[in-house]
Every structure is written in C-alpha cells, then in structure tokens.
Amino acid sequence: MPKEQWRLLEYRSRKLLVSNHGQVKWFNKSSGIWVDKKTRTVDGYLATTINYDFVFVHTLVLTAFVGPRPPSLEARHLNGNPQDNRWPENLAWGTHSENEKDKIKHGTNIHKRDQRGRFTPKPIGLNSRIFE
C-alpha cells in the first residue's frame with residue numbers, strides 16, 4: 001500500500017483534508033480541532049456531512065486526487081467494497097455502464113437475471129418468500 005498522502009480540498013466554502021487512504025477531516029472553527037466524522041449508509045458507503053450537505057467519501061477522495069467529476073461519469077469501486085475508498089487502488093471515475101458491469105462482476109447488483117435474461121428482484125430479509 002502506498003504511503004498516505006493528504007490534499008487540501010475546498011468544498012462548499014469549507015476546507016477539508018482528504019487522504020488517498022479514504023480519510024476526510026475538516027476544521028471546526030469553534031473548537032479549533034480537525035474533525036473526522038463519517039457515517040455508513042444502508043448500502044455500506046461511507047459519507048460525511050459538510051455544511052448540512054451529505055457527501056460520499058469516495059467523491060471527495062476522487063475530487064481531491066483526480067479532479068472534479070466529469071459530466072456523465074460516476075465513482076466506481078473497482079473491488080466492489082463500498083467502504084474501501086483508497087485511490088488509485090480502488091477508486092476511479094467511470095461511466096454508468098462500467099459501474100453496472102462492475103456490480104455484476106462483484107455480485108453487488110440489486111437485480112439478478114433469470115434463465116431467460118429477464119431481471120428479477122433479489123429476495124431481501126423476511127419478505128423473501130414473496131419472490132419465490
């Protein structure tokens with residue numbers, strides 16, 4: 001694993017420190033300390049709140065180390081692990097099609113195809129019997 005590097009990124013008038021290992025910190029003016037607070041979404045992605053704006057950590061890492069998201073591209077987790085926000089090992093900008101192919105390759109897609117190639121809902125939890 002490469003050495004951890006930090007970049008200064010300005011997001012919504014707030015200065016952030018973002019690392020290539022997926023760490024994000026911002027300066028709290030009232031307490032005078034750098035804050036590192038993340039939450040995990042129901043899908044397993046790490047996110048943080050900056051000036052009341054919910055932001056994915058992978059977006060901040062790519063923006064800091066690659067540049068702003070190009071039009072019509074989205075963030076890809078190359079190994080399928082939504083909590084692995086290392087760059088360049090696991091993050092890249094890519095098309096929606098590339099991202100969907102990644103999900104199928106990693107088995108993280110929401111829908112599966114049946115034997116005829118039609119999409120079918122993936123059973124979830126207690127309600128799985130209704131899809132059988």
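The values are calculated or read from the model by the stated rules, or taken from the named source; none is laboratory data. Here the structure is a predicted model, which is why all the values come from computation and not from measurement. Heads up, the Cβs are rebuilt from the backbone with ideal geometry, glycines too, and the neighbour counts pull from every protein chain shown.
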Notebook entry, point to check: When segment 76-109 is examined, which residues are found to be of a type in the set (K, R) and at pLDDT below 95?
Noted result: K101, K103, K105
Next item on the list: Output the number of the condition that H58 fails; it satisfies all remaining conditions of (1) in contact with a helix residue (DSSP H, G or I) (Cβ under 9 Å, 6 or more places away or on another chain); (2) modelled with pLDDT of 95 or more.
Entry: (1)
Next item on the list: Would you check if N85 is in contact with a His (Cβ under 6 Å, 6 or more places away or on another chain) and on the phi < 0 side of the Ramachandran plot?
Entry: yes
Next item on the list: State yes or no: is K112 modelled with pLDDT of 55 or more, over 25 Å from P71 (Cβ atoms) and not in a loop (DSSP other than H, G, I, E, B)?
Entry: yes
Next item on the list: Kindly indicate the residue of segment 14-71 that is of a type in the set (A, V, I, L, M) and either part of a loop (DSSP other than H, G, I, E, B) or without any contact (Cβ under 8 Å) to a residue 24 or more places away in the chain (or both) and also surrounded by the fewest Cβ atoms within 10 Å (Cβ to Cβ) among those meeting that condition.
Entry: V42
